[in-house]
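Novice: The structure that follows is given in the form of structure tokens.
The values are calculated or read from the model by the stated rules, or taken from the named source; none is laboratory data. Note that the structure is a prediction, hence the values are computed from the model and not measured. Because the Cβ atoms are built from the backbone with ideal geometry, glycine has one as well, and the counts that use them run over all protein chains shown.
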Amino acid sequence: MKILILGYGNPGRQDDGLGPALIKALEYKGVDAGDGVNNVTLDSDYQLNIEYALDLAKNDVVIFVDASVTAGEPFEFTEIGPSEEVSFTTHSMSAESLLGLTSDLMETPLKAYQLAIRGYSFEFEEGLTAEARNNLTDAVNFIIIFISKPTD
Amino acid sequence: MTATEIKTVTRKIVIEPVTRVEGHGKVTLLVDENGHITRARMHVVEFRGFERFIQGRPFWELPVAVQRLCGICPVSHHLAAAKATDWLVGGENLTPTAQKMRRLMHLGQTFQSHALHFFHLCSPDLLFGFDAPVSKRNIIGVIREHPDLAVQGVMMRKYGQEIIKATAGKKIHGTGAIPGGINKNLSIEERDFFLSDIEQMIEWAQGAVELIKGVHAQMPDLMKTFGAFPSNHLSLVREDGALDLYHGNLRAKDSLGNIIFDQVDYANYLDYIREEVRSWSYMKFPFITSLGKENGWYRVGPLARINNCDFIPTPLAEAERQEFMKEAEGGTVVNTTLHYHWARMIETLHSIEGIRDLLNDPDLQGDDLIVRGEKRKECVGLIEAPRGTLFHHYRIDDNDQVTMANLIVSTTNNNEAMNRAVQTVAAQYLDGNEITEPLLNHIEVAIRAYDPCLSCATHAIGKMPLEVELVTEDGEVLDSKFKNR
């Protein structure tokens, strides 16, 4: 299976950078080296936008990774589906809306999950809070196990 | 009858956020007891605290650090800070490779930003009409009825994003531009990758210009009256008067096309521009000093840039500019809000023409990347960001640490213009009517024309509160609703 793990957020806003931090951790551990059960691609950005429809369409499974101010600790992992809700603002969009766009535009079947890692502080500052770092560690361990197994 | 009984009842209807704008915009319509609008205001939460936050940091961090300001337009801040810090290291006269790499990055950004805005945010309004139901007037509606356009928008956005990645080094906190130069050139492989799709991109950009021209031809009265009001216009222009999005001098014109000032070195912007603080808004209101607060406000962005320049130095876009300027009263300046879209598409075409020219320039493969010279303690960097003129101004101490930072972002420069747009449209469409969703969308259409960036760059799940308030002029809250709180 081809899996895309897409972490997003602003590392300059403390825990908002949890998504990109998870991607960095997975890169460090070499999970995209191509020697596992699944073919894993890692990517990160400030936010989701329309062009990711092209990347999503190249994969069988996508895992969206974002910070959350409401998720249970240390993280929540849920399967999500496409939405027709126009929830994106001027310059970014939700994972569900991006799935909807991909589905309508590319007509590609896709299984999708959202990994919402609990964050606590979102001020102008580099670096995660100590609590968020702990949650990140748990999330990384979970994802490594998840992608080491067949996903269908 | 007591004084209390004869007091005029005035209500404030607040809509927050403006859909498809970052979620921190808020429109306040002040209506009297007869439903007539007495005032209209757009509130924006600005980047408060950031300028203080970067004080004390070493200046060489600025081109990367300022990208945390905004996840929407980090490249604009990256380049404006790099242009400013060039002066601190005496490296303002960049090598040809450095300047052209930065220009390529900037044109890639402008191309993707304008394409996203037009195809996926404004086209639903333009293709289906402002009064179309919300269920249809969105990108899903465009996909179903105009799938080719939706695909073009995605591909154009992707193309520009890939150029940013190739020139800035990475998508998050790019490091391509550094004080006095750049840290990488463009490889032959990267160049050939982009050249393989360039003609298709130019064709699609031309198609987008034709599309918006068709909309104007179909609805000339609406396009010329919706949100139309006279204003001054501010932008950079090249020394020969050409459109230049990366570098130039400041030019300001009034609503009739008369020059207010021209070829002003932007390092001296404080002699020409001031900022007013108003009690009801966090965002400042810049104005041209010589004209005063009341008359000195101005528009920036695509409309101002096309109005201000004497010509566009790429042939296809220049031909379109000449046709565009026929829309101007007296052939001088266009003062209509919806013409922003047309101007934006002309700039999209210019950007991709410029990208083609740069890709064919062997200087991009040069190895001379950095310049150093006499160090300085104060610097100003300006750039024409997709949304308009962006100012970065810094001072440093003997330890190379930032002691002062002043940023005027594009959306702040358009602050008064957006308020005028809201007021004008509200007066045109809402006065005396029931406030329905289609009518509200007319206000949103006016705001969206300016492509405001209201992002605080934090978008975590559940982090975007929605507040709707109904309060009297005395401040009494008659109703209040929250979402995502």
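Novice: Could you pull out every one of the strands (runs of 3 or more DSSP E) wholly within region A:1-73 that has 3 or more residues that are within 19 Å of A:G119 (Cα to Cα), of a type outside the set (V, I, T) and within 12 Å of chain B (Cβ to nearest Cβ)?
Specialist: Result: A:2-8, A:61-68.
Novice: Inside region B:309-323, can you point out the residues that are part of a helix (DSSP H, G or I) and either surrounded by fewer than 24 Cβ atoms within 10 Å (Cβ to Cβ) or out of contact with any His (no Cβ under 8 Å at 6 or more places or on another chain) (or both)?
Specialist: B:P315, B:L316, B:E318, B:A319, B:E320, B:R321, B:Q322, B:E323
Yes or no, residue by residue, for (1) in contact with a Lys or Arg (Cβ under 7 Å, 6 or more places away or on another chain); (2) charged (D, E, K, R); (3) at pLDDT 95 or above:
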position	(1), (2), (3)
B:Y282	yes, no, no
B:K293	no, yes, no
B:G301	yes, no, yes
B:I306	yes, no, yes
B:C309	no, no, yes
B:I312	yes, no, yes
B:K326	no, yes, no
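Novice: Still on this structure, please answer the following. Can you find, within region B:174-203, the residue that is nearest to the other protein chains (Cβ to nearest Cβ) among those that are out of contact with any strand residue (DSSP E or B) (no Cβ under 6 Å at 6 or more places or on another chain) and within 25 Å of B:C70 (Cα to Cα)?
Specialist: B:G174
Novice: Has region B:145-162 got any residue that is assigned by TED's automatic domain parsing to the domain that holds B:I172, among the basic types (K, R) and within 25 Å of B:D244 (Cβ to Cβ)?
Specialist: Yes, region B:145-162 has at least one match.
Novice: In this structure, is B:L211 modelled with pLDDT of 95 or more and surrounded by 15 or more Cβ atoms within 10 Å (Cβ to Cβ)?
Specialist: no
Novice: Looking at B:Y266 and the list (1) at positive phi; (2) in contact with a Phe, Trp or Tyr (Cβ under 9 Å, 6 or more places away or on another chain), which single condition is not satisfied?
Specialist: B:Y266 satisfies all of (1) at positive phi; (2) in contact with a Phe, Trp or Tyr (Cβ under 9 Å, 6 or more places away or on another chain) except (1).
Novice: I'd like the full set of residues that are polar (S, T, N, Q) and at the interface with chain B (Cβ under 8 Å from one of its Cβ atoms), limited to region A:90-113.
Specialist: A:T90, A:S92
Novice: Considering region B:336-381 alone, what residues qualify as being over 30 Å from B:H216 (Cα atoms) and in contact with a strand residue (DSSP E or B) (Cβ under 8 Å, 6 or more places away or on another chain)?
Specialist: Within region B:336-381, B:L369, B:I370, B:V371, B:K377, B:E378, B:C379, B:V380, B:G381 qualify.
Novice: I'd like the residue in region B:143-158 that is crowded, with 23+ Cβ neighbours inside 10 Å and of a type outside the set (D, E, K, R) and, out of all such residues, is farthest from B:C70 (Cα to Cα).
Specialist: B:A150
Novice: Collect the residues in region B:118-139 that are surrounded by fewer than 22 Cβ atoms within 10 Å (Cβ to Cβ), among the aliphatic types (A, V, I, L, M) and either in the same structural domain as B:I447 (by TED's automatic domain parsing) or within 16 Å of A:S83 (Cβ to Cβ) (or both), keeping them in residue-number order.
Specialist: Hit for region B:118-139 is B:V134, nothing else.
Novice: Take region B:357-398 and flag every residue that is buried (at least 18 other Cβ atoms within 10 Å of the Cβ) and either among the hydroxyl-bearing types (S, T, Y) or assigned to a helix (DSSP H, G or I) (or both).
Specialist: Of everything in region B:357-398, those that are buried (at least 18 other Cβ atoms within 10 Å of the Cβ) and either among the hydroxyl-bearing types (S, T, Y) or assigned to a helix (DSSP H, G or I) (or both) turn out to be B:L358, B:L359, B:L364, B:T389, B:Y394.
Novice: Now for a different question. Which members of region B:121-173 meet the condition of being within 11 Å of chain A (Cβ to nearest Cβ), part of a loop (DSSP other than H, G, I, E, B) and closer than 24 Å to B:G108 by Cα?
Specialist: The answer is B:K170, B:K171, B:I172, B:H173.
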